[in-house]
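*Asks:* I have a structure here, written as structure tokens, and I will follow up with some questions on it.
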Amino acid sequence: MLGNFSYCNPTKLYFGDDSLKYLNAELPKYGKNVVLIYGGGSIKKNGIYDEVVKILEANGKNTAEIAGVMPNPTVEKLYEGVEIARGHKADLLLAVGGGSVCDYAKAVSVSVHCGGDPWEKYFVRFEEPECETVPVGCVLTMVGTGSEMNAGAVITNRAANRKIGHVFADERIMPRFSILNPKYTLTLPHYQMVAGIYDIFSHICEQYFSGEDDNTSDYIAEGLMRSLIHSSRIANKDPQNYQARSNIMWTATWALNTLIAKGKTTDWMVHMLGQAVGAYTDATHGMTLAAVTLPYYRMILPAGLPKFRRFAVNVWNVDPAGKDDRAVAEEGLAALERWMRELSLVMNISDLGATPGMIEGLTDATLSMKGGYKVLSRREISEVFRESLK
Ligand code: NZQ
Ligand code: ZN
């Protein structure tokens, strides 16, 4: 490893099918006023809401609620939540849901005590909070984003056709604790399960496909990818398989909690392309990534050939004997494509509602990143979108 870095991850994790009971250990650390934040109702159907409320009551908390946080949470919903949290004098924001709910709680956290418009401040100017933040705790019900152990928050502004993620540098934004019970993920629809699996895979790739040094982070990344591919195949056929779902949940956390980014420049271009698609179509995050991945990787493969070759051999078991590097690397992407199809991922942006008329706008909405193997020009970004329509 040639990079210089610091590493600190303050989130305390409780993992396993008995993990919710540890909410009893965490709640006494915070004041009386809790805001319980959740999505569109899945936690009421599967009983998690009742379990959490019982624990809040047993701990004597005064609880307000922000319900109806939508997938790809919007700026309007953020404004609403900030008012509720302010009015309730929140001591703790307890997010119970997937990445959307957890991200949203972080965005509320940095906005309650700070002045100014949170969209402009955090998602346009990318400022850090100069004010007090409200602690966030998370009970995770959907696996993929890594939001449970990172400082990222993604908010969508539909009116402006922008979906923007801010990974805060401030460690206070990371959840103070996260409760990870794989059983809670068993009620996810297949579509969400595989979208989450692909989100995990993409997070690992975004960090793996950068740099040329011999870096321990890349070996960890390969191990995570192999474990994910293995468990995803089991979960795809047998979604109720606890062991596979449990492995997937743990992999998701380590895929995006800053560990495998250490010593790396990191790429994130698949996410920039996918987020533009999300801004225009409101499609499920993991599917937007799946739909743009192959056109993008096929475009940058020549620039990152040694790493794509290594990916083929170490992750997909491609036999390199008697083949040139390019052929090996391409076999790796073909293996990736077979796996994606096996999981029934969405493989083009047309199926997510994108149209040829959107290409200009999608290109405008895509931030160009500089940490990967190739910095894309505007024309190349449009080309990836055009290829992704097919
Ligand atoms: O809203 P409810 O009714 O709860 O339903 C949700 C939602 O419709 C449902 N769901 C969640 N848990 C369930 C369940 N349904 C049945 N049983 C359960 N146990 O699943 C749907 C999707 O939930 P959501 O939270 O939107 O999914 P995900 O975890 O993929 O989060 C997506 C958001 O996170 C952002 C994405 O851009 C997107 O806005 N990301 C956050 C990142 C971060 N913080 O670092 C990084 C990621 O790259 C990503 O950008
Ligand atoms: Zn993602």
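*Asks:* Looking at W268, W254, W250, which is the one that is on the phi > 0 side of the Ramachandran plot and either free of Cβ contacts under 8 Å to residues at least 60 places away in the same chain or of a type in the set (F, W, Y) (or both)?
*Replies:* Working: W254 fails: on the phi > 0 side of the Ramachandran plot; W250 fails: on the phi > 0 side of the Ramachandran plot.
It is W268.
*Asks:* Okay, next question. When region 187-226 is examined, which residues are found to be of a type outside the set (A, V, I, L, M) and over 29 Å from K370 (Cα atoms)? Give the derivation first.
*Replies:* So in region 187-226, the residues of a type outside the set (A, V, I, L, M) come out as 187, 189-192, 196, 198-199, 201-203, 205-219, 222-223, 226.
Hits for region 187-226 are T187, P189, H190, Y191, Q192.
*Asks:* Can you tell me which residue within region 51-72, out of those that are among the acidic types (D, E) and under 25 Å from G144 (Cβ atoms), is least open to solvent (accessible area, probe 1.4 Å)?
*Replies:* For region 51-72, the residue satisfying everything is E65.
Residue-wise test of (1) more than 14 Å from V136 (Cα to Cα); (2) free of Cβ contacts under 8 Å to residues at least 12 places away in the same chain; (3) open to solvent by 20 Å² or more (accessible area, probe 1.4 Å).
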position	(1), (2), (3)
I155	yes, no, no
V167	yes, no, yes
E171	no, no, yes
I179	no, no, no
K183	yes, no, yes
P189	yes, yes, yes
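*Asks:* Quickly run through region 5-17 and pick out the residues that are surrounded by fewer than 14 Cβ atoms within 10 Å (Cβ to Cβ) and either closer than 16 Å to R176 by Cβ or without any contact (Cβ under 8 Å) to a residue 12 or more places away in the chain (or both).
*Replies:* Selection gives S6, C8, P10.
*Asks:* Ok, one more. Can we say M149 is among the aliphatic types (A, V, I, L, M), modelled with pLDDT of 95 or more, open to solvent by 20 Å² or more (accessible area, probe 1.4 Å) and within 16 Å of ligand 2 (Cβ to nearest atom)?
*Replies:* Against the criterion (among the aliphatic types (A, V, I, L, M), modelled with pLDDT of 95 or more, open to solvent by 20 Å² or more (accessible area, probe 1.4 Å) and within 16 Å of ligand 2 (Cβ to nearest atom)), M149 does not qualify.
*Asks:* Output the number of residues of region 341-378 satisfying the condition of being under 22 Å from the mean Cα position of the chain (by Cα), crowded, with 19+ Cβ neighbours inside 10 Å and part of a helix (DSSP H, G or I).
*Replies:* 4
*Asks:* Does E80 satisfy being acidic (D, E), surrounded by fewer than 18 Cβ atoms within 10 Å (Cβ to Cβ), more than 10 Å from ligand 1 (Cβ to nearest atom) and assigned to a helix (DSSP H, G or I)?
*Replies:* Working: acidic (D, E): yes; surrounded by fewer than 18 Cβ atoms within 10 Å (Cβ to Cβ): yes; more than 10 Å from ligand 1 (Cβ to nearest atom): yes; assigned to a helix (DSSP H, G or I): yes.
Judged against the criteria, E80 is a match.
*Asks:* Before we move on, is S217 touching a residue at least 12 places away in the same chain (Cβ under 8 Å), over 15 Å from T258 (Cβ atoms), more than 15 Å from ligand 1 (Cβ to nearest atom) and under 19 Å from the mean Cα position of the chain (by Cα)? Write out each step before concluding.
*Replies:* Working: touching a residue at least 12 places away in the same chain (Cβ under 8 Å): yes; over 15 Å from T258 (Cβ atoms): no; more than 15 Å from ligand 1 (Cβ to nearest atom): yes; under 19 Å from the mean Cα position of the chain (by Cα): yes.
So S217 does not fit the description; no.
*Asks:* May I ask you to verify whether M287 is open to solvent by 10 Å² or more (accessible area, probe 1.4 Å) and aliphatic (A, V, I, L, M)?
*Replies:* Spelling it out, it is not the case that M287 is open to solvent by 10 Å² or more (accessible area, probe 1.4 Å) and aliphatic (A, V, I, L, M).
*Asks:* Has region 312-326 got at least one residue that is open to solvent by 50 Å² or more (accessible area, probe 1.4 Å) and among the small types (G, A, S)?
*Replies:* The answer is yes, given that some residue of region 312-326 is open to solvent by 50 Å² or more (accessible area, probe 1.4 Å) and among the small types (G, A, S).
*Asks:* Let me ask something else about it. Suppose we keep only residues that are of a type in the set (A, V, I, L, M, F, W, C) and touching a residue at least 40 places away in the same chain (Cβ under 8 Å) within region 53-81. Which one would you say is farthest from ligand 2 (Cβ to nearest atom)?
*Replies:* I66
*Asks:* Does G39 satisfy being under 24 Å from Y79 (Cα atoms) and either out of contact with any Lys or Arg (no Cβ under 9 Å at 6 or more places or on another chain) or open to solvent by less than 10 Å² (accessible area, probe 1.4 Å) (or both)? Let's see the steps before the verdict.
*Replies:* Working: under 24 Å from Y79 (Cα atoms): yes; either out of contact with any Lys or Arg (no Cβ under 9 Å at 6 or more places or on another chain) or open to solvent by less than 10 Å² (accessible area, probe 1.4 Å) (or both): yes.
Yes.
*Asks:* So, one more: Mind counting the residues in region 99-142 that are within 30 Å of A25 (Cα to Cα), aliphatic (A, V, I, L, M) and more than 16 Å from ligand 1 (Cβ to nearest atom)?
*Replies:* 2
*Asks:* Let me ask something else about it. Considering only residues of region 260-284 that are within 16 Å of ligand 2 (Cβ to nearest atom) and open to solvent by 40 Å² or more (accessible area, probe 1.4 Å), which is nearest to L376 (Cα to Cα)?
*Replies:* The residue in question is W268.
The values are calculated or read from the model by the stated rules, or taken from the named source; none is laboratory data. Only a predicted model underlies this, so the values are computations on that prediction, with no experimental measurement involved. Backbone-built Cβ (ideal geometry, glycine too); neighbour counts: all protein chains shown. Note: accessible area is taken over every heavy atom of the protein model, side chains too, but ligands, DNA and RNA are not part of it. Shrake-Rupley method; radii C 1.70, N 1.55, O 1.52, S 1.80 Å.
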